[in-house]
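Encoded as structure tokens, the structure appears first; notes follow it.
Nothing in this text is a laboratory measurement; each read-out follows from the coordinates by a stated rule. From a predicted model like this one, the values you see are computed outputs, not experimental measurements. Neighbour counts are summed over all protein chains in view; Cβ atoms, including those assigned to glycine, are modelled from backbone coordinates with ideal geometry.
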Amino acid sequence: QRVIVLPGRETGALVEYMAGQEDRMVALPDEGTSEEWLMCQPSGTVLYSVQQAGTVLGKSVMVMGQGSIGLSFTAICARAGARQVIAVDPLDNRLAFAKRFGATHTINPAKENLDEAVNEITKGEGAEISIEAAGFPDTLNNALKHVAKWGKVIIFGIQGGLPGDMTPVNMSSFLAKMPTIIPTVGAASGDAVSHIENMVELKQRGWWDPGEMATHAKKFDDIKAAYDMYESYEDEVVKVVLSA
């Protein structure tokens, strides 16, 4: 039986063998490759995150960052009936993925003015749901800046990541918009596996296949090369999957 295992903090995941807890395992179907089903883990955490914002049906949604997490937000919101899905990323190949996954608009802030583009698309109103999926101070502040007044901001990207790390926020734009802030960490939700199980079922019935984001595969012996590739965005990588 193939499973996705959520490791504990004590062991981490980059180990040859691991004793897992049954309530932290997600059974996988027999068909398909392990690499494609594995992507249900990050996409499942995004599914949980979107659910915390309530319905996206008929809403305008902006997603800052189009890595595997941002692309998952784009695909899930599009399939959940969002009226507009605005994907933002400085890499054109990831914006091409976003269009394929259902984005109605794409913005490359390295090539065009983000403020002007968002204002034109939303007719000056901003996005009703603004999502930070990249984990950088500027993407967080842009998510706050371009949310509609009284809109919702989902914060998924991890800022810094070390205990005590602080991220500066533009308080003037934050206070002017008066948004609802929704920080989400699926693994800390109290039920770490159900949203991944839901994503497995959705993939199995053809709702959306997050496995398409596994653009590269490498062996564990090539782990340094895999990390180097991912860090440098080499060969238009979105996600690297390691296997034995």
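Per residue, how much space in cubic angstrom lies within the convex hull of the C-alpha atoms of the stretch 54-187?
Working: hull volume 14.3 nm³, N = 134.
Hull volume normalised by residue count: 106 Å³.
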Reduced to Cα centres, the span from the stretch 177-210 to the stretch 5-61 in Å works out to 8 Å
Rounded to the nearest 10 degrees, the helix 194-204 long axis (Cα) sits at an angle to the longest Cα principal axis of the chain of 80 degrees
Sorting ALA176, VAL200, TYR230 by the position of each Cα along the dipole of the stretch 174-244 (Lys, Arg +1; Asp, Glu -1; all at Cβ), the one nearest the positive end of that ordering is ALA176
Bounding extents of the stretch 178-228 in its principal axis frame from Cα atoms, largest first in Å, are 45, 32, 24
Percent antiparallel among DSSP beta bridges confined to the chain, rounded to 5, stands at 10 percent
Magnitude of the Cβ-charge dipole (Lys and Arg +1, Asp and Glu -1) of the stretch 170-219 about the Cα centre, nearest 20 debye, reported as 220 debye
With only helices counted (DSSP H, runs n ≥ 4, each -39500 (n - 2.57)), the per-residue ellipticity at 222 nm for the chain, to the nearest 500, works out to -10000 deg cm²/dmol
Distance in Å, no decimals, from the C-alpha centre of the stretch 83-109 to the one of the stretch 114-169 is 16 Å
Once both label points are put 7 Å beyond Cα along the C-beta direction, the ASP222-ALA244 separation in nm becomes 1.9 nm
Exposed GluC sites (Glu not before Pro) being those in a DSSP loop with at most 14 other Cβ atoms within 10 Å, the longest stretch of the chain free of them is 113-244
